[in-house]
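As structure tokens, the structure follows; a few thoughts come after it.
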Amino acid sequence: KNQNSDGVCSKDEIVWSIGGHSMGGYAALSLAPHLIEYTSNKIVLWAVSGNFEEFMVDLSSNPQTSSRCKVLVILGSLDAICKQTPLQKEKFISKLPAGSVHKKIRGGNHSGFASYPSIDAIDGPRTISLEKQHSITCRETANFLVR
């Protein structure tokens, strides 16, 4: 790749991916079919689940995304917003491309994917530090994007 002495790629060499946290993740899913030509085909979803079915986009049956997109879903095990029934989870997974990767951060909650104050009754009670949840999230995301 075309890098300067600091290891930074020229703007023509940057490969973009899309993703989002919570509702931003649903927005990323909605944009995926329209941006597939301009991205790495990788989508990262933090704290996105099947409990908001009305916002879910079916990437598995879309010819542009079903075989070309790769999706990483990371949830916190204590995320109270993303609680889903087994049926909601099944429907959510069925709408993602085959081979999507699902990770769960033990002790993580909804707000732990961001940097805003947590409200346990809404976000769930995080039992790991915010720094730990951020660190795990960053590591898993980076590993997915560079594969």
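The values are calculated or read from the model by the stated rules, or taken from the named source; none is laboratory data. Since the model is a prediction, treat every value here as computed from it, not as a measurement. Positions of Cβ are generated from backbone atoms using ideal geometry, with glycine treated the same way; all protein chains shown enter the neighbour counts. The protein model used for the area step is the full one, side chains on, heavy atoms only, and it has no ligands, DNA or RNA in it. Shrake-Rupley method; radii C 1.70, N 1.55, O 1.52, S 1.80 Å.
Figures for the structure shown
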item: Residue identified as more than 26 Å from P63 (Cβ to Cβ), small (G, A, S) and exposed (fewer than 12 other Cβ atoms within 10 Å of the Cβ) among S115, S111, S135; result: S115
item: Residues of segment 90-108 that turn out to be aliphatic (A, V, I, L, M) and surrounded by fewer than 18 Cβ atoms within 10 Å (Cβ to Cβ), as a count; result: 3
item: L35 surrounded by 13 or more Cβ atoms within 10 Å (Cβ to Cβ) and modelled with pLDDT of 95 or more; result: no
item: Unmet requirement for S22, which otherwise passes all of (1) hydroxyl-bearing (S, T, Y); (2) over 22 Å from S135 (Cβ atoms); (3) open to solvent by less than 50 Å² (accessible area, probe 1.4 Å); (4) out of contact with any helix residue (DSSP H, G or I) (no Cβ under 7 Å at 6 or more places or on another chain); result: (2)
item: Given (1) among the polar types (S, T, N, Q); (2) under 24 Å from the mean Cα position of the chain (by Cα); (3) at pLDDT below 90, number of the condition N41 does not satisfy; result: (3)
item: Near pairs, Cβ below 6 angstrom, 6+ apart or cross-chain, from segment 37-55 (free of Cβ contacts under 8 Å to residues at least 60 places away in the same chain and over 11 Å from I18 (Cα atoms)) to any residue that is in a loop (DSSP other than H, G, I, E, B) and open to solvent by 70 Å² or more (accessible area, probe 1.4 Å); result: none
item: Hits in segment 44-59 (condition: open to solvent by 30 Å² or more (accessible area, probe 1.4 Å) and either under 12 Å from the mean Cα position of the chain (by Cα) or of a type in the set (S, T, Y) (or both)); result: W46
item: In segment 120-132, the residues that are surrounded by 13 or more Cβ atoms within 10 Å (Cβ to Cβ), of a type outside the set (D, E, K, R) and part of a loop (DSSP other than H, G, I, E, B); result: G124, T127, I128
item: When residues of segment 62-97 are limited to those that are touching a Lys or Arg at 6+ places or on another chain (Cβ under 8 Å) and outside any strand (DSSP E or B), the one nearest to V15 (Cα to Cα); result: C69
item: Any chance L145 is within 26 Å of I14 (Cα to Cα), assigned to a loop (DSSP other than H, G, I, E, B) and modelled with pLDDT of 95 or more; result: no
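Residue-wise test of (1) hydroxyl-bearing (S, T, Y); (2) buried (at least 16 other Cβ atoms within 10 Å of the Cβ); (3) more than 14 Å from Y26 (Cβ to Cβ).
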{"site": "S61", "(1), (2), (3)": "yes, no, yes"}
{"site": "C69", "(1), (2), (3)": "no, yes, yes"}
{"site": "L72", "(1), (2), (3)": "no, yes, yes"}
{"site": "P86", "(1), (2), (3)": "no, no, yes"}
